Amino acid sequence: MEVKASVNGVTVRTEDCFDLTNTFECGQCFRWDRASDGSYTGIVGEKEVRVFAQDGSITIEHCTVQEFETIWLPYFDLSADYRQIRAELAERCPLLKPAVESIDGIRILRQDPWETLCSFILSQNNNIPRIRGIISRLCAAFGKKCGSGYTFPAAEVLAEKSVEELAPLRAGFRARYILDAARKVSSGQIDLYPLYTAPIDECRKELMQIVGVGAKVAECTLLYGLHRTEAFPADVWIKKALSSEFSGISVPSLGTYAGIAQQYIFHYMRTRSGR
């Protein structure tokens, strides 16, 4: 990996492909906004950046080399060799080869676990434009101003709110779930950070103590917020895939990269359906 500082930020060239659209629009995150020039602007923690691809490199504006090393290198999972992961998945499970080869450049982001938990609570029985809208209103109402947008509100902030105060978000039944999550996390009843390393079945049980958090939301939180790549979120597309084209695959057989395999399967099924 080659990292160069410039007046505008940091440019990164890596031999392992990183596709912005495939990463930001694969359903794992909801706060990266695409501009007409193909760049994306997002807020992570209390830092807003603009990211764009050019000539095989990724440029992160408003970023120092130190910030790249401490924030963006881990956030974009740039230390992982996804070419090797894809090759290993295809070798481990030859049925996966068409899915693995169907898309390039997806990386599993290392998102904040609290923000990820809330985002996927809000994703239930919802579509991506509505999810993005609710999250945008949530941040504007209760987050802090950050560049052109707002930070994601802390659990401690939301724990003090009522269902009535969340009504303008138009989150519907999900507002009650968000408040329960905020109160359990802010009180310490649910501690998210041990879930990075605890046995994954224990992690699932812990997350599912929150009202409204079922298996799908728990798996998404584990994969996208805690980088537990053995987690395997299964929506209708994945369940259909495992009962049709990929019926010979068992999730345990995919090992520690099951969640990454899920992304390839999801994309493969979605593009084949014309969705």
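Computed quantities for the displayed model
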{"read-out": "Which listed residue is free of Cβ contacts under 8 Å to residues at least 60 places away in the same chain, within 19 Å of PHE24 (Cα to Cα) and out of contact with any strand residue (DSSP E or B) (no Cβ under 6 Å at 6 or more places or on another chain), from LEU222, LEU179", "value": "LEU222"}
{"read-out": "Boolean, GLY188 is assigned by TED's automatic domain parsing to the domain that holds GLY212, at positive phi and out of contact with any Phe, Trp or Tyr (no Cβ under 6 Å at 6 or more places or on another chain)", "value": "yes"}
{"read-out": "Some residue of the stretch 195-216 being more than 25 Å from TYR177 (Cβ to Cβ) and in contact with a Leu (Cβ under 7 Å, 6 or more places away or on another chain)", "value": "no"}
{"read-out": "Any hit, the stretch 91-100, residues being modelled with pLDDT under 95 and closer than 29 Å to GLY133 by Cβ", "value": "no"}
{"read-out": "Evaluation of GLN66 against (1) surrounded by 14 or more Cβ atoms within 10 Å (Cβ to Cβ); (2) in a helix (DSSP H, G or I); (3) not charged (D, E, K, R) (one fails), failing number", "value": "(1)"}
{"read-out": "Residue among GLY255, GLY212 that alone is assigned to a helix (DSSP H, G or I), touching a helix residue (DSSP H, G or I) at 6+ places or on another chain (Cβ under 8 Å), at positive phi and not hydrophobic (A, V, I, L, M, F, W, C)", "value": "GLY255"}
{"read-out": "Conditions (1) outside the structural domain of MET208 (by TED's automatic domain parsing); (2) under 21 Å from THR221 (Cβ atoms); (3) among the acidic types (Asp, Glu): number failed by ASP180", "value": "(1)"}
{"read-out": "Every pair of residues 6+ apart whose Cβ atoms lie under 6 Å, when the first sits in the stretch 139-153 and is at pLDDT 95 or above while the second is among the aliphatic types (A, V, I, L, M) and not in a helix (DSSP H, G or I)", "value": "CYS146/ILE43; GLY149/ILE43"}
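The values are calculated or read from the model by the stated rules, or taken from the named source; none is laboratory data. The structure displayed is predicted, hence computed values, not measured ones. Ideal geometry is used to build each Cβ from the backbone, glycine not excepted, and the neighbour counts take in all protein chains shown.
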